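The values are calculated or read from the model by the stated rules, or taken from the named source; none is laboratory data. Since this is a predicted model, take the numbers as computed values, not measurements.
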Amino acid sequence: RSPEEIDSFIKTSLRHIRNDYFRRLKKGRRNGLETIYQYKQRVVSIDPQYVFYIGHTPIEIYDHCLGESLNRLDELRREIFMLYVLYDKNDSNLADYLHMKRSTVNRKRREARDLLYSWMEEMRNEKI
């Protein structure tokens, strides 16, 4: 697979996670009957394989390849990459938020993408 296909897969997976979280949050508010935690306990019977935190927000990953690859990243690269993908932050916004230079954020984001690509490709080849 090409780097663009893996990049697209990662972004799509993380965006689905984000959208599902906000959909559950909105449903809980609309009903006013149950919190997201209660909803999750009632509906989701499968435990996530990986849980990462961006700030205080848990991000649950069910895909083994994606979760293991994200787990192998150092915390800063993972945070930069996930903020970039999940919250559509650009490098300038991330640099301001993390109190870093924009060029450093850009470099670490690209390194994270490249590492994720290579690790996911390795895992997919091992399964074949």
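Among the residues in the stretch 1-8, are any modelled with pLDDT under 75, among the basic types (Lys, Arg) and within 21 Å of Trp119 (Cα to Cα)?
Yes, there is a match, as at least one residue in the stretch 1-8 is modelled with pLDDT under 75, among the basic types (Lys, Arg) and within 21 Å of Trp119 (Cα to Cα).
So which residues in the stretch 73-128 are of a type in the set (Val, Ile, Thr) and within 14 Å of the chain's Cα centre (by Cα)?
Ile80, Val85
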